[in-house]
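The values are calculated or read from the model by the stated rules, or taken from the named source; none is laboratory data. Since this is a predicted model, take the numbers as computed values, not measurements. Here Cβ is always computed from backbone atoms with ideal geometry, including for glycine, and neighbour counts include all displayed protein chains.
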Amino acid sequence: MRQALALLIVVSTAAVLAAGAVGPLAEETGALAPVPAQREPLNRGDDCLSPADLREAVAEKRVVAPIAAIRAARQIVPRAEIQRASLCRHEAGLVYLLTALRRDGQFMHVMVDAQSGQVSGQW
């Protein structure tokens, strides 16, 4: 029983420290450690369309076909293997977010405007 309690305390302490919720002097000052500002991820699951919605948008000619976005991305990242392509909502409208694996093993992300088929960003 003592071992289980000790393990629970150790795990709880590690979780609090890993989350950064408590600074080293928090007990003395009574203040919480500052939380670093995080950039909001561009590709959130709730902002992307389902495969059925993607097919509907392509059929209604609201967006270019995914293969056109892949071709545009391959011009920016030649000889890369496209791992994933998603149609997502963005500030400017709909965009394709593509993940490419380069030959050197690094992943790159390419954003293609879904209406024009032109690359609008990469990172």
**Request:** Check Ala59, Ala73 and return the single one that is in the same structural domain as Trp123 (by TED's automatic domain parsing) and closer than 15 Å to Gln122 by Cβ.
**Result:** Ala73
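Okay, residues lined up against (1) touching a residue at least 40 places away in the same chain (Cβ under 8 Å); (2) touching a strand residue (DSSP E or B) at 6+ places or on another chain (Cβ under 6 Å):
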{"site": "Val58", "(1), (2)": "no, no"}
{"site": "Arg62", "(1), (2)": "yes, no"}
{"site": "Ile76", "(1), (2)": "yes, yes"}
{"site": "Arg89", "(1), (2)": "yes, no"}
**Request:** Could you please give the count of residues in region 49-64 that are surrounded by fewer than 16 Cβ atoms within 10 Å (Cβ to Cβ) and within 22 Å of the chain's Cα centre (by Cα)?
**Result:** 4
**Request:** Under 8 Å between Cβ atoms, at least 6 apart or on separate chains: pull out the pairs that start in region 93-105 with a residue that is under 13 Å from Gly117 (Cβ atoms) and end on any residue that is of a type in the set (D, E, K, R) and in a loop (DSSP other than H, G, I, E, B).
**Result:** Leu94/Arg62
